1. When you count, for each residue, the other Cβ atoms within 10 Å and take the mean per peptide, how do 129-135, 98-104, 228-234 rank with the highest first?
2. Computed over the Cα atoms of the stretch 147-240, what is the convex hull's projected area averaged over all directions, in nm²?
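Where a number appears in this text, it was derived from the coordinates with a stated rule and is not lab data. Source: prediction; values computed, not measured. Here the Cβ is made from the backbone with ideal geometry for all residues, glycine too, and neighbour counts use every protein chain on show.
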Amino acid sequence: MSVHLLVLCLALLQQGGRARPDPPGCSSPEVVRVAEEALDQINQDRTDGYILTLNRLYDLSHTIGKETGGSFYKLTIDVMETKCHITSRRPWKQCEVRDIGDVPVYGECEVSASIDSQVKLLSYSCALREVPATVVVDVCPDCPTAENLNEPVVKETANLSLQRFNEESRLANYFTLENVTRASSQWVDGPSYFVEFTILETACLKTTEASELGSCPPMDCQFAHRGFCLGSHVAHEDPFEYRLPVGNKGSSLRNRMPVDVKCEIYEPQAAAVEEQAHVKADSGHTEHQHHNHTHLHPHEHTHTVAASGALAVSEPRGALGTIVDRAAPLRFAPAASACPGPRRHRLGLDRLKL
């Protein structure tokens, strides 16, 4: 009898062992989903900087709530910066990663999230850093290297680029510089400088006298446009004659060095809300009043609406976590089994473990 009881106990133990699920690893579909959706929410929560993309899942811990039955994850994810600025509000999967020629930035995020029917970001803390110039030069000697944002030539390049944008833009209002976000330099036929910067719409029309443009206040309105620009300035020894647009005979860009600029101007989220409200009103009423804002007129630059598709104006952002500039930490081996997961981006930088 005792032998039969022993066999039965062993069978029950084996059955219980089989019923217990294996702990998730870094390639588990659920864990990858949590990491990807948490990163979506991190990018939505941030107020400045560039959109981050997922490189790999490095480590994780997982617990199951006793009362709710939902899962709780603590994740360590490796991230890389994309070329999309946060202002664009594009999904990170639609953004191109900065490659070796764009002064790449990488880092890691410690993330807490829960999942029941949906993934909910609870908190995050990210540390980012530029790939060192010595590493870039080893792989690509001719690639641009980072410049200090406070250098006078960087500010000059941003100002010249913005000036050209304001002269050529078909938008009614003048734009002012908000922040220079990145800068780099490279020797071509001479020293060439590249800047990335954000701009704000002001309350001044472009017909405002040049002497008054310096005191133009930013438009204090939920329909004010913001933009993101790429500018460059090639410092040749001999200045060239810049052909001015009609109506800008007195521009200070005459006899300046070559300047190029490309800007994306983004529709404020409130404009999408109002537009949909007008569509609904049109379908039910014969008359309603339209607000006269500059977001209603066309221009030659890319015009986008926040890609999230949400029609409600967003709540204040930046409450769930932090992004800091910090050197790479010493790392221990992952505690979870089957971790880390595979890298999605390497950039040819084998010396640097991105």
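1. 228-234, 98-104, 129-135
2. Mean shadow area of the hull around the Cα atoms is 6.8 nm².
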